[in-house]
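S.K.: Take a look at this one; I'll ask things after.
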Amino acid sequence: MDRLASSPRLMIVSDLDHTMVDHHDPENLSILRFNALWEAKYRHDSLLVFSTGRSPVLYKQLRKEKPMLTPDITIMSVGTEITYGDDMVPDEGWVECLNQKWDRNIVSEETSKFSELTMQSETEQRQHKASFYVEKGKAQEVMKTLSERLVNRGLDVKIIYSGGMDLDVLPQGAGKGQALAYLHKKLKDAGKLPKNTLACGDSGNDAELFTIPDVHGVMVQNAQEELLQWHAENAKNNPKIIHATERCAAGIIEAIGHFKLGPNISSRDVTDLSDAKLDHFDPAYEVVKFYLFFERWRRAEVENAEVYLSNLKSVCSPSGVFVHPSGVERSLHDCIDKLKDCCGDKKDKKYRVWVDQVFPSQLDSDTWIVKFKKWEQTGEEQQGCLTTVKVSSKGVKPSEGLTWLHVHQTWIAGTTQNTRNDWFF
Ligand code: GLC
Ligand code: MG
C-alpha cells in the first residue's frame, strides 16, 4: 500500500473462485485478458485486492494452479485475515477487532450438535472462521437455529451461506464487506482513499462487498443463486451494481467499461499488436505487448512473422544485451535472430506467458527501468523469472515504441528452472 504516493485511481476488490478465476475455462483466457489489462494500464497507480473464502493454504495452492497476478492486499478466510504485499504481512489490528463476542470453542461445541453440518477440511478452520458443508434445502433452518443458540451463549456471530454448499460462522465484525470497510478507513486516514472501488463477486459471501458506501459492484454472469436472490431483495434498484453478461474476469472487464472506470481494452484482444500504437511513451504497455507477442510467436499464432521480427530488431539497440538467468550474455540482436528457432515450438502445448507486478520507474527524461515477473506456463508447469528491462525514448516517436537497451533475468526461487540453455526472453 505504501508504494502509492497518492490516492489509487482504481481499487479492485475481487473474489477468486468463479470470479477472478474461471474453473470452467481450461485455457484461462478471461483471467489472462484481465492480467494484461491490469499490468499495462492500472498496476502503477491502482490497487489490486483479492478477497477470498480460502485459507492461506488453499489460496497458495490456487496461485500455483492458475495464472494469477500478485495482489497488493490479500483478504482470506472470508474477510477474517488481511495481509499486505508479496510477503503477506498480516494486519494485526484487524485480528484484534475480531475477538469481540467471539469464542471459537463455543462455536465448535454448538455446531457439533447439528448432524446436518459436515466439517470442512482442517485447513479451512481458522481462528475467526468455522466452516462446514450443508445441503441447500437444510441451510436456512440450520442457520436460524444455530444463530439463536449462539446468541444464547453470548456470542455475536455472522453466518454466511455460499456456493449452495458452504456455511461459514464468523465474528459479527468480520466478513468480506467489513474487511473492505476497514481498508477504506485505513486508506482514508492515510489520505489515500481510492478514487473508485470496484467489488467483484459471484456468491453469498460476496454480497456484503456490495453494501459498502461508494463502491461499484459487479456480480459476474455466472453468479450463484444466493447472490442473485440477495440482490433482488436488497439492491435491485441500485445502479452501482450490475449483473454482467460475461463470465468471471471477463465480467470484471465489462464492469470497468460499464462504469467508465478507465481503459477496458486488454492487449490480448488486439489481434495485430504491431497496429496498436500509442500517442505517448508507455514502458509497462511495451512490456505487456512484447510478452504477448512472445506467447503468440511460440504458439505459432503470429502472421506476417518476417515483418514482425524486423520490427522487433528495429526497437532493440544494436549494442543491447540480454543476460539470461544462467548468467550467459548475448546481444539483443542475436536473441531476435534466434527467435526463429522457437517459432511455433509450443504449438498445441497449452503454453501461456504473462507478466506480473510491472513497475516502471523513470531514470531521466528519456530512460526507464521496468521491473516485473515474467511467468511461462506449459501445461501444468509454471516457471518464473524476475526481469529488469531498460528502455529509452531517445530519437524515437511514441508510435514507434521505446528502444530496448538491456534485459536481465534471474530465476524466481522455488519455481522450476529450465535446464536447457534457452536463448529466449
Ligand atoms: C472457500 C473456503 C471455504 C468457505 C467458502 C465460502 O471455498 O475454502 O472454507 O466455506 O470459501 O466462503
Ligand atoms: Mg466465489
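S.K.: State, in angstrom, two size descriptors of segment 136-177 derived from its alpha carbons: Rg to one decimal place and Dmax to the nearest whole number.
M.R.: Over segment 136-177's Cα set, Rg and Dmax evaluate to 10.5, 29 Å.
S.K.: Quick one: compute the contact order of segment 1-145, relative version, from alpha carbon pairs under 8 angstrom and 6+ residues apart, as a percent. Don't jump to the answer; show the numbers that get you there.
M.R.: Values: 169 pairs, mean separation 26.1, N = 145.
Reported relative contact order: 18 percent.
S.K.: Under a point spin-label approximation (7 Å from Cα along Cα-to-Cβ), what is the K188-E303 distance to one decimal in nm?
M.R.: 5.3 nm
S.K.: Using r as the Cβ-Cβ distance of N234 and M119, and R0 as 25 Å, what FRET efficiency do you calculate, to the nearest 0.05?
M.R.: Working: r = 30 Å, r/R0 = 1.21.
Taking R0 as 25 Å, the efficiency between N234 and M119 is 0.25.
S.K.: Place a +1 charge on the Cβ of each Lys and Arg in the chain and a -1 charge on the Cβ of each Asp and Glu, then give the dipole magnitude about the Cα centre in debye, rounded to the nearest 20. Could the numbers behind the result be given before it?
M.R.: On the way: 53 positive and 62 negative charges, 115 e Å.
Computed charge dipole of the chain: roughly 560 debye.
S.K.: May I pose another question? Which whole-number value in Å³ per residue fits the convex hull of the alpha carbons of segment 110-233?
M.R.: Working: hull volume 16.2 nm³, N = 124.
Taking only Cα atoms, segment 110-233 has a hull volume of 131 Å³ per residue.
S.K.: For a quick check: sort T388, T211 by the number of other beta carbons within 10 angstrom, fewest at the front. Show your work: numbers first, answer last.
M.R.: Values: T388 14, T211 18.
Least to most surrounded, the residues fall as T388, T211.
S.K.: How would you rank T378, T19, going from fewest to most other Cβ atoms within 10 Å of each one's own Cβ? Before the final figure, lay out each step's value.
M.R.: Numbers: T378 16, T19 28.
Listing T378, T19 from fewest to most nearby Cβ atoms yields T378, T19.
S.K.: A further question on this structure: With a 10 Å Cβ neighbour count serving as the proxy for reagent exposure, in which order, fewest first, do S108, S365, S55 appear? List each step's numbers first, then the result.
M.R.: Details: S108 13, S365 7, S55 23.
Final ranking by Cβ density, sparse to dense: S365, S108, S55.
S.K.: Treat segment 51-98 as a sphere of radius equal to its Kirkwood radius over Cα pairs and apply Stokes-Einstein at 25 °C in a medium of 0.890 mPa s; give the translational diffusion coefficient in µm²/s, rounded to a whole number.
M.R.: Answer from the Stokes-Einstein relation: 223 µm²/s.
S.K.: At 0.36 nm per residue, and after removing the present C-alpha to C-alpha distance, how many nm does the segment from K138 to D341 gain when stretched out fully? Mind showing how you got there, number by number?
M.R.: Values: separation 203, 0.36 × 203 = 73.08 nm, distance 6.03 nm.
Gain in length upon complete extension: 67.1 nm.
S.K.: Also: Could you work out the helix-only [θ] at 222 nm for the chain, with each DSSP H run of four or more residues adding -39,500 (n - 2.57) and the total divided by the number of residues, to the nearest 500 deg cm²/dmol?
M.R.: Working: 11 runs with 118 residues, N = 425.
Helices in the chain give a 222 nm mean residue ellipticity of -8500 deg cm²/dmol.
S.K.: Rounded to two decimals, what ratio of Rg to Rh does segment 161-307 give with C-alpha atoms and a Kirkwood Rh?
M.R.: Details: Rg = 19.5 Å, Rh = 18.0 Å.
With Rg and the Kirkwood Rh in hand, the quotient comes to 1.08.
S.K.: Using alpha carbon centroids, what distance separates segment 67-99 and segment 272-331, in Å?
M.R.: Centre-to-centre (Cα) distance: 36 Å.
S.K.: Continuing with this model, one more query. Can you tell me the orientation of helix 248-258 relative to the chain, as the angle in degrees between its alpha-carbon axis and the longest Cα principal axis, to the nearest 10?
M.R.: 80 degrees
S.K.: Return the ratio Rg/(2.2 N^0.38 Å) for segment 11-166, where Rg is computed over Cα atoms only. Numbers along the way, then the final one.
M.R.: Details: Rg = 17.6 Å, N = 156, 2.2 N^0.38 = 15.0 Å.
Rounded to two decimals, the normalised Rg is 1.17.
S.K.: If you wrap a convex hull around the Cα atoms of segment 270-411, how much volume per residue is inside, in Å³? Don't jump to the answer; show the numbers that get you there.
M.R.: Numbers: hull volume 15.7 nm³, N = 142.
Convex hull volume per residue, Cα atoms: 110 Å³.
S.K.: Just in segment 293-361: which GluC sites (Glu not before Pro) are loop by DSSP and have at most 10 other Cβ atoms within 10 Å? Show your work: numbers first, answer last.
M.R.: Working: sites: E295, E301, E303, E306, E329; in loops: E301, E303.
Answer in residue order: E303.
S.K.: Can you check how the C-alpha radius of gyration of the chain compares to 2.2 N^0.38 Å, as a plain ratio?
M.R.: Working: Rg = 23.5 Å, N = 425, 2.2 N^0.38 = 21.9 Å.
Against the compact-globule rule of thumb, the ratio is 1.07.
S.K.: Kindly provide the pair-distance distribution of segment 101-171 built from C-alpha pairs, with 5 Å bins from 0 and whole-percent values in order of increasing distance.
M.R.: In whole percents, the pair-distance histogram is 3, 18, 34, 28, 14, 3.
Bear in mind that the values in this text are calculations on the coordinates, not laboratory data. Please read these numbers as outputs of a predicted model, since none were measured by experiment. With ideal geometry, Cβ positions are generated from the backbone for all residues, glycine too; neighbour counts draw on all protein chains shown.
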